[in-house]
1. Could you grab me the full set of residues in the range 63-85 that are closer than 13 Å to Thr37 by Cα and either surrounded by 13 or more Cβ atoms within 10 Å (Cβ to Cβ) or β-branched (Val, Ile, Thr) (or both)?
2. Would you call Thr37 open to solvent by less than 50 Å² (accessible area, probe 1.4 Å) and either modelled with pLDDT under 95 or assigned to a loop (DSSP other than H, G, I, E, B) (or both)?
3. What tally of residues in the range 19-34 results from selecting those that are exposed (fewer than 14 other Cβ atoms within 10 Å of the Cβ) and not in a loop (DSSP other than H, G, I, E, B)?
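The values are calculated or read from the model by the stated rules, or taken from the named source; none is laboratory data. Computed from a predicted model, the values in this text were never measured in an experiment. Cβ placement follows ideal geometry from the backbone for every residue including glycine, while neighbour counts extend to all protein chains displayed. What goes into the accessible areas is simple: the full protein's heavy atoms, side chains included, and nothing from ligands, DNA or RNA. Shrake-Rupley method; radii C 1.70, N 1.55, O 1.52, S 1.80 Å.
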Amino acid sequence: MRLVLILLLFLMAITSNSQTINTHTWDHRIVIVISKTKESKAFKKQVRAFKKSLKDFIERKLIVYYVLPKHYKLVDYKKDDLDYDWIASSKLFETYAENGTDYKVILIGLDGSIKLQQDQLIAASKLFETIDTMPMRKSELRNRDN
């Protein structure tokens with residue numbers, strides 16, 4: 001009986017973390033910033049760079065998952081309080097970091113597919129350029145202008 005309960009809890013943890021990203025499909029574009037440590041220079045620079053572009057993140061429906069080996073936090077720039085708590089979980093790191101990954105940035109589109117991956121800092125301007133060339137973003141811009 002204990003084994004069944006442990007197995008059930010384990011499966012729920014796996015499912016809930018994979019569903020975390022999937023719950024944003026069609027509502028948000030997602031940037032996942034993966035780092036082995038939050039003390040890394042690249043990680044700190046990326047966080048600062050993104051904080052400087054709040055308006056652009058909001059306009060493009062972007063949210064950010066900051067992912068470390070044993071924790072993650074979700075940042076939604078539409079909210080006033082940007083001091084989010086870290087959530088204990090290694091599943092996102094295991095899912096998106098490859099062996100030996102020290103740092104990685106992933107852009108996931110509204111449809112849930114990966115649009116961009118790189119193992120170095122991404123300039124906010126490059127991120128926005130990439131998004132602005134996507135068909136759904138072009139459609140959003142056309143609809144906004146009408």
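1. Result: Tyr66, Val67, Leu68, Pro69, His71, Tyr72.
2. Criteria not met by Thr37.
3. 2
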